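Scroll down for the structure; my scribbles are underneath it.
The values are calculated or read from the model by the stated rules, or taken from the named source; none is laboratory data. The model shown is predicted, which means the values in this text are computed figures rather than measured ones. So basically every Cβ, Gly included, is an ideal-geometry build from the backbone, and we count neighbours across all protein chains shown.
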Amino acid sequence: MERVQIHRTSVADQVAGILRQRVLNGELRPGSSLQEIALAESLGVSRNTMREAMRILSLEGLLKRSIHRGIAVAQLSLQDVQEIYHVRRVLEISAIHAAKTPALELLHDLLTALEQYERAVRARDWVSAVTHDLHFHSLLIRFLGNRRLESFYQKTIAELRVGMVLVDQRHDHPGILIPVHRKLYELLKAGNLKECAKILLQHLDDSEARLGGIMASEVEQASRGKKARGNGRAADERASRAAAL
């Protein structure tokens with residue numbers, strides 16, 4: 001009898017899934033610190049399980065660990081955005097030019113990812129939309145035929161997930177994202193690689209500009225909040241000194 005492989009989801013994977021959803025839907029904001037003990041107690045799991053869940057999300061680029069702040073939700077700087085999109089342009093445009101004889105299986109996978117993305121956008125399910133969007137772009141890298149580049153690309157764009165959810169949520173006309181991806185697929189299928197690369201480049205430029213604008217807004221908002229908290233503490237100290245007199 002042929003042995004059937006059974007995949008079991010560990011508790012750490014389940015906890016990682018819960019935290020991932022909280023990060024991507026904005027409940028846990030970029031830059032916010034995560035308290036390992038408090039989170040473990042709130043979900044009824046051990047600290048070791050929570051530590052493993054955080055490790056999983058760190059590998060995905062959703063969490064960052066620092067010496068002074070411990071572990072926190074990843075927050076991109078403007079330089080991070082510029083560097084990641086530089087990588088995307090180099091690899092994705094090169095992949096389009098390499099797609100001279102695309103495999104039917106890969107075209108089918110691209111179409112499936114595209115249709116899932118379109119459904120998510122129409123449903124305004126931005127977390128799912130970003131997942132399928134990044135998967136669509138990741139599939140393009142397969143045209144390069146280099147697994148190491150695929151792995152490098154996956155790790156690089158993982159850092160964009162939180163920011164891209166914010167971009168799609170705040171897009172003035174999110175519906176216009178659908179025809180862009182559909183056009184990329186149709187041009188690729190037809191073998192019009194030059195036009196496909198041109199549209200992809202414009203799409204990446206627009207995406208970077210929107211994400212950069214949102215990141216700048218997030219930094220400004222955090223700065224105002226920090227200043228307000230500082231003013232509040234100063235007012236409390238003045239009140240305390242006045243009461244002591």
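Of T156, T101, T131, all but one fail to be over 14 Å from the mean Cα position of the chain (by Cα) and not aliphatic (A, V, I, L, M); the exception is T101. Here's a check for you: in segment 41-58, which residue that is among the hydroxyl-bearing types (S, T, Y) and in a helix (DSSP H, G or I) is farthest from the chain's Cα centre (by Cα)? Top of the filtered list is S42.
Is it the case that some residue within segment 61-69 is in a loop (DSSP other than H, G, I, E, B) and within 18 Å of V167 (Cβ to Cβ)? Within segment 61-69 (the criterion being in a loop (DSSP other than H, G, I, E, B) and within 18 Å of V167 (Cβ to Cβ)), the answer is yes, since at least one residue qualifies. Filter segment 3-22 for residues that are at pLDDT 85 or above and among the β-branched types (V, I, T); which is surrounded by the most Cβ atoms within 10 Å (Cβ to Cβ)? The qualifying residue surrounded by the most Cβ atoms within 10 Å (Cβ to Cβ) is V15. Whether a residue is under 26 Å from M215 (Cβ atoms), assigned to a helix (DSSP H, G or I) and of a type in the set (V, I, T) was assessed, and V23 passes this test. A residue that is among the basic types (K, R) and under 30 Å from G145 (Cα atoms) can be found somewhere in segment 76-96.
Of everything listed in (1) of a type in the set (A, V, I, L, M, F, W, C); (2) more than 21 Å from the chain's Cα centre (by Cα); (3) surrounded by 14 or more Cβ atoms within 10 Å (Cβ to Cβ); (4) over 27 Å from L204 (Cα atoms), the single unmet condition for A38 is (3).
Within segment 26-40, can you find the residues that are part of a loop (DSSP other than H, G, I, E, B) and of a type in the set (G, A, S)?
Residues of segment 26-40 that are part of a loop (DSSP other than H, G, I, E, B), as a first pass: 26-32, 34-35.
Scanning segment 26-40 gives G26, G31, S32.
Scanning segment 104-121 for residues that are free of Cβ contacts under 8 Å to residues at least 60 places away in the same chain and more than 22 Å from the chain's Cα centre (by Cα) gives L104, E105, L106, H108. Scanning segment 128-163 for residues that are charged (D, E, K, R) and farther than 23 Å from K64 by Cβ yields R142, R147, R148, E150.
Before we move on, is V121 exposed (fewer than 14 other Cβ atoms within 10 Å of the Cβ) and assigned by TED's automatic domain parsing to the domain that holds K155? So V121 does not fit the description; no. The residue list V162, V167 contains one member that is closer than 21 Å to L59 by Cα and modelled with pLDDT under 80, which is V162. Contact map, segment 30-49: residues that are free of Cβ contacts under 8 Å to residues at least 24 places away in the same chain paired with residues that are part of a helix (DSSP H, G or I) and among the hydrophobic types (A, V, I, L, M, F, W, C), Cβ distance under 7 Å, separation 6+ or inter-chain. Pairs shown: L39/M50; A40/M50; S46/A40; R47/I37; R47/A40.
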